[in-house]
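Working notes for the structure below.
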Amino acid sequence: MTVTDTTPRTLTAFQNLTDAEDYLQFFDIEYDRDFVNINRLHILKQFSLLIKEVDKAFPNVSEAEKLEKYSLALEEAYQVFLTSSPLETKLFKVFQSKPKNFVSLDELEKKAGGK
């Protein structure tokens, strides 16, 4: 769905959005296209997690209030990756799991009685 000036700011319209750029445009959040191209999956994943928190914490707010909270959540998700890397945030399983057959230097030092 392409967001325009005439796109209604409703939950129904919000639920039809799919692209990171559409969400950012929907909420009138200024963004860097190159930055979004590199970090889109991470931004959307973080946004998804924050939306779940909003829905859990504020189940009975009006549609306008919910959309305002979603807007703040998207702004936060975007800002997270301006200050930290996807590797640091470890949102995806690939960043959380340790590869098999891998021994870190810290583990070797511990086994050797080092620092």
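Values quoted throughout were computed directly from the atomic coordinates according to the rules given, and no laboratory measurement underlies them. All values derive from a computational prediction rather than experimental measurement.
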- [ ] Under 16 Å Cα to Cα from LYS66, which aspartates and glutamates show up? Leave out anything in the same chain fewer than 8 places away.
- [x] ASP28, GLU53, ASP55, GLU75, GLU76
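If you take the square roots of the eigenvalues of the alpha-carbon gyration tensor of the range 1-55 and sort them as a ≥ b ≥ c, do you get rounded (a/c under 1.5), prolate (a/b over b/c) or oblate?
On the way: a/c = 2.09, a/b = 1.11, b/c = 1.87.
Taking the square roots of the gyration eigenvalues as a ≥ b ≥ c, the range 1-55 is oblate.
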